[in-house]
Amino acid sequence: MLIQRLGLALACVFAATLGASSPMHAEGDRCTRLDMEVTCHVEQTKVLVADPFTVTARVLNTGDVQLTNVRLVLRGGSGTRCVGDEELNVVIEILDVGASREIRGTFTSDGVGERRIDASAREQRGWAAAGCFCGVAVEGLPALQVEMIDLGIDREKEGIFEEGSTFLYVLDVLNDMGTAITPDMKIVWNLPPELEFVSGTGNRGVTVTGDGQLAESSAFVLAPDEEQKFEVVVRVIGVPPRHLVQTRASVQTISGTELAVETESTTLRPPMGR
């Protein structure tokens, strides 16, 4: 019996030397286990350069006893940064057996390739610690070619449009010699105060909606060398002192990252006789 107890005690001492992640304490014939598990999850598996993505870190008490003052940390690896902070961290005063806590952060990357985000947790006394990392594939921007022109409502080049009349902005977006399909994209048109949105159309089933000085397309993607065309009808509701206005078309990811922009200057005039 003495030999058996001595063997158990030595087993507890040996287990305690295996690392801070799972120290043991001898309580009679039983070894108490202090341990935790950390997981990391990226909501998107692929993102564009500079496009934000969300990461969640979770710590779980997998041991036999309550943990105190556990610091859970989430930080970006090389080429990846947390928006607004170098790292996110929270101190969990009490983490009961089987309980878990999460932190969530927004990250971006300025480089192309596989990027990692590190998650770790450690009890203040160092009796339990764990860590892991999760990855995301960061892709380069597509090779977009964007062109916008203004035309008369009959699709003829007019050059000058009269107050009260309507005319078209014709926009072409081409994945010019790209090597892969683009991410989901949309077009956002910003009109000057002298113009207002009337209607819009797109080919390949893409729609355009808007109101006032703002219009937006539905989502679309472009395969290599594929083209998307739009026509936006606007009405002249005013004329500026210098008769010149500028309309802006922004190609964006669905999350709002701008990929390309095109502007078109248009000359307006008052009605004849004024």
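The values are calculated or read from the model by the stated rules, or taken from the named source; none is laboratory data. Predicted model, so just to flag it, every value in this text is computed and none were measured. No Cβ is skipped: glycine too gets one built from the backbone with ideal geometry, and neighbour counts run over all protein chains shown.
For (1) more than 24 Å from the chain's Cα centre (by Cα); (2) crowded, with 16+ Cβ neighbours inside 10 Å, each residue gets a yes or a no:
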residue: Trp189; (1), (2): no, yes
residue: Pro193; (1), (2): yes, no
residue: Phe197; (1), (2): yes, yes
residue: Gln213; (1), (2): yes, yes
residue: Phe230; (1), (2): yes, yes
residue: Ala249; (1), (2): no, yes
residue: Ser265; (1), (2): yes, no
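Which residues, counting only those in segment 193-210, are β-branched (Val, Ile, Thr) and assigned to a strand (DSSP E or B)? Walk me through how you get there before you give the answer.
To start, the set of residues in segment 193-210 that are β-branched (Val, Ile, Thr) comprises 198, 201, 206-209.
Correct list: Val198, Thr201, Thr207, Val208, Thr209.
Being touching a Phe, Trp or Tyr at 6+ places or on another chain (Cβ under 8 Å) and without any contact (Cβ under 8 Å) to a residue 60 or more places away in the chain is a property that Arg248 has.
Per-residue answers, yes or no, for (1) at pLDDT 90 or above; (2) under 28 Å from Gln213 (Cα atoms); (3) among the aromatic types (Phe, Trp, Tyr); (4) not assigned by TED's automatic domain parsing to the domain that holds Leu72:
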| position | (1), (2), (3), (4) |
| --- | --- |
| Leu95 | yes, no, no, no |
| Glu102 | yes, no, no, no |
| Arg125 | no, no, no, no |
| Cys132 | yes, no, no, no |
| Leu151 | yes, yes, no, yes |
| Glu156 | yes, yes, no, yes |
| Glu162 | yes, yes, no, yes |
| Asp184 | no, yes, no, yes |
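For the criterion of being closer than 30 Å to Leu259 by Cα, surrounded by 16 or more Cβ atoms within 10 Å (Cβ to Cβ), out of contact with any helix residue (DSSP H, G or I) (no Cβ under 7 Å at 6 or more places or on another chain) and charged (D, E, K, R), Asp184 fails.
Among the residues of segment 128-161, write down those that are within 19 Å of Thr39 (Cα to Cα) and over 25 Å from the mean Cα position of the chain (by Cα). Walk me through how you get there before you give the answer.
Initial filter on segment 128-161 (within 19 Å of Thr39 (Cα to Cα)): 128-137.
Hits for segment 128-161 are Ala128, Ala129, Ala130.
Screening Arg116 against (1) exposed (fewer than 15 other Cβ atoms within 10 Å of the Cβ); (2) outside any loop (DSSP other than H, G, I, E, B) leaves a single unmet condition, (1).
If we keep just the residues of segment 224-245 that are farther than 21 Å from Ser199 by Cβ and either part of a strand (DSSP E or B) or touching a Ser or Thr at 6+ places or on another chain (Cβ under 8 Å) (or both), which is modelled with the lowest pLDDT?
As a first pass, look at segment 224-245 and keep what is farther than 21 Å from Ser199 by Cβ: 224-227, 239-244.
Then drop every residue that is not either part of a strand (DSSP E or B) or touching a Ser or Thr at 6+ places or on another chain (Cβ under 8 Å) (or both), which leaves 224, 227, 243-244.
Values: Pro224: 84, Glu227: 94, His243: 95, Leu244: 96.
It comes out as Pro224.
Just need a number here: residues in segment 248-266 that are part of a strand (DSSP E or B) and more than 16 Å from Val173 (Cα to Cα).
Of all residues in segment 248-266, those part of a strand (DSSP E or B) come to 248-253, 258-266.
Those still in the list that are more than 16 Å from Val173 (Cα to Cα) too: 265-266.
So the answer is 2.
Of all the listed residues (Glu102, Glu114, Glu139), the sole one being more than 14 Å from Gln44 (Cα to Cα), of a type in the set (Asp, Glu) and touching a strand residue (DSSP E or B) at 6+ places or on another chain (Cβ under 7 Å) is Glu102.
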